[in-house]
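Worksheet: the structure to be examined is printed underneath.
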Amino acid sequence: MADSASKQSDKFQTTNDDSTGVSAAISTKVSKPTHRLYVDVKPTQWPIVYTPEYNIGFLGLERLHPFDSGKWGRVVNILKEKNMVQDDTLVKPIEASEEDLLVVHSKKYIDSLKWSINVAGIAEVPPVALLPNFIVQRKLLRPFRYQTGGTILASKLAMERGWGINIGGGFHHCSSDRGGGFCAYADITLAVKFLFSHCPNVKRAMIVDLDAHQGNGHERDFMDDDRVYIMDVYNRGIYPHDGYAKKAIKKKVELQSFTEDEDYLKLVADNLTEALSEFTPDVIVYNAGTDILEGDPLGHLNISAKGILKRDEIVFEHAIKRKIPIVMVTSGGYQRSTGQIIADSILNLKERGLISCAEAESYKKPGLLGKFFSSKV
């Protein structure tokens, strides 16, 4: 292990994993940020955040929205089947409390969610308006609060490990005072503001939003904040058509419907290079929506599954090369195949040497005998 951080970054020093050649960033000169949501993580855990509480299911009403409300569990199941993760090597987040949410959200907005009719509008599932609010809180908003806590935690892990992934999150249509587009809490804004408040080394942040839809929520929240640079690549012909929010975008790329791989990947790579030459962030928040996939009923783009894997590679390569911590959230995706694609992308990042955790990869869950003997030590 090196004795000091490189000149390029006072936050990290690096170690090389001999098996992969990966430079794994670890915190050095700054003490770990402390907050209830910033849970302690073992060296044998990947900086990948997930809990089964993410998944949404109540009375079948979730099927009335095209969003796949169980994709997060499928992503993790595939990663388990491929022997990348185990339950013990994933990080479980804590549910964001009302106090946590009020760091960004107005009390008026949080109180509005206590009326089922308001939540029905945000979730775009009208029958939700007919349900008692305690059911809506438990079955719909509680999973969103867990995912919000997950984004906040994954951002902290990125600062400690160099990268972090929240298997959920990416509610980029929600701002401090309003939700929409199946987004009830502003997890991206919250994650950035928590870092500004609790991690002294984070002074500037870049949001790279590559979901098919414009990220109007975080754009409204950071409209006049020079500490935050937003790059947004989206289909100009679909929801939300938020002209006011577009004023906050520093690097705007508006796509035509049915844009394909070659043009799309060049636009992402070229504009990200330009963005990082204009602004040097202390962290990148990457909104990696898979609704750009060909055939998506809402995204209306024609990007292949291989194109999505390459897109994620491009973003991680830019961050890792510059030693900028990066946190990824999974955001939109409205086909059953998106869970497989997200898992394949994470596996591809590992195979390409862009993410690693040697301790997690070598960790073997102790059996009953192992537990017995270890308890005697």
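The values are calculated or read from the model by the stated rules, or taken from the named source; none is laboratory data. Note that the coordinates shown come from a computational prediction; the quantities given were computed from them, not determined experimentally. Virtual Cβ from ideal backbone geometry, glycine too; neighbours counted across all protein chains shown. Please note that ligands, DNA and RNA were not included when accessible areas were found on the heavy atoms of the full protein model with its side chains. Shrake-Rupley method; radii C 1.70, N 1.55, O 1.52, S 1.80 Å.
Name the residue, out of 30, 75, that is modelled with pLDDT of 95 or more, of a type in the set (A, V, I, L, M, F, W, C) and either in a strand (DSSP E or B) or closer than 25 Å to residue 191 by Cα (or both). On inspection, the qualifying residue turns out to be 75.
Checking residue 263 against (1) among the charged types (D, E, K, R); (2) over 14 Å from residue 175 (Cβ atoms); (3) open to solvent by less than 10 Å² (accessible area, probe 1.4 Å), only one condition comes out false. Which one? Unmet condition: (3).
So, residue 281, is that one modelled with pLDDT under 95 and not in a helix (DSSP H, G or I) or not? So residue 281 does not fit the description; no. From the list 176, 155, the one residue that fits, being touching a His at 6+ places or on another chain (Cβ under 7 Å) and at pLDDT 95 or above, is 176. Residues that are touching a helix residue (DSSP H, G or I) at 6+ places or on another chain (Cβ under 7 Å) and at positive phi: which helices (runs of 4 or more DSSP H) entirely in segment 93-139 hold 1 or more of them? Fully inside segment 93-139 and qualifying: nothing. Considering (1) among the hydroxyl-bearing types (Ser, Thr, Tyr); (2) touching a residue at least 40 places away in the same chain (Cβ under 8 Å); (3) open to solvent by 30 Å² or more (accessible area, probe 1.4 Å), the lone condition that residue 244 does not fulfil carries the number (2).
Against the condition in contact with a Pro (Cβ under 7 Å, 6 or more places away or on another chain) and either of a type outside the set (Gly, Ala, Ser) or open to solvent by less than 10 Å² (accessible area, probe 1.4 Å) (or both), how does residue 149 come out, does it pass? For residue 149, the condition - in contact with a Pro (Cβ under 7 Å, 6 or more places away or on another chain) and either of a type outside the set (Gly, Ala, Ser) or open to solvent by less than 10 Å² (accessible area, probe 1.4 Å) (or both) - is met. Counting only residues that are under 18 Å from the mean Cα position of the chain (by Cα), within 15 Å of residue 54 (Cβ to Cβ) and of a type in the set (D, E, K, R), how many does segment 72-107 have? Qualifying residue count, segment 72-107: 3.
Please tell me if residue 264 is of a type in the set (Phe, Trp, Tyr) and over 24 Å from residue 191 (Cβ atoms). The answer is yes for residue 264.
Of all residues in segment 300-320, none that is on the phi > 0 side of the Ramachandran plot has its Cβ atom under 6 Å from the Cβ atom of a residue that is among the hydrophobic types (A, V, I, L, M, F, W, C) and not in a loop (DSSP other than H, G, I, E, B), 6 or more apart or on another chain. In segment 342-352, the count of residues that are assigned to a helix (DSSP H, G or I), aliphatic (A, V, I, L, M) and surrounded by fewer than 20 Cβ atoms within 10 Å (Cβ to Cβ) is one or more. Scoring residue 211 on the criteria (1) in contact with a helix residue (DSSP H, G or I) (Cβ under 9 Å, 6 or more places away or on another chain); (2) buried (at least 24 other Cβ atoms within 10 Å of the Cβ) leaves a single failure, condition (1).
Taking segment 236-260, which residues are under 22 Å from residue 276 (Cα atoms) and either acidic (Asp, Glu) or out of contact with any helix residue (DSSP H, G or I) (no Cβ under 9 Å at 6 or more places or on another chain) (or both)?
Initially, segment 236-260 is screened for residues under 22 Å from residue 276 (Cα atoms), giving 245-255.
Passing the criteria: only 254.
Of the candidates 207, 238, 188, the single residue that is part of a strand (DSSP E or B) and not basic (Lys, Arg) is 207. Suppose the filter is within 24 Å of residue 161 (Cβ to Cβ), more than 20 Å from the chain's Cα centre (by Cα) and not in a strand (DSSP E or B); does residue 201 pass it? Here the answer is yes, as residue 201 does meet what is asked.
Of the numbered criteria (1) over 28 Å from residue 307 (Cβ atoms); (2) open to solvent by less than 20 Å² (accessible area, probe 1.4 Å), the one residue 219 fails is (1).
Among the residues of segment 44-67, is any in a strand (DSSP E or B), surrounded by fewer than 16 Cβ atoms within 10 Å (Cβ to Cβ) and either β-branched (Val, Ile, Thr) or modelled with pLDDT of 95 or more (or both)? No, segment 44-67 has no match at all. Search segment 219-231 for residues that are farther than 15 Å from residue 277 by Cα and pair each with any residue that is in a loop (DSSP other than H, G, I, E, B) and open to solvent by 80 Å² or more (accessible area, probe 1.4 Å) when their beta-carbon atoms are under 6 Å apart and the residues are at least 6 apart or on different chains. If the second residue must be in a loop (DSSP other than H, G, I, E, B) and open to solvent by 80 Å² or more (accessible area, probe 1.4 Å), the pairs left are 227/204.
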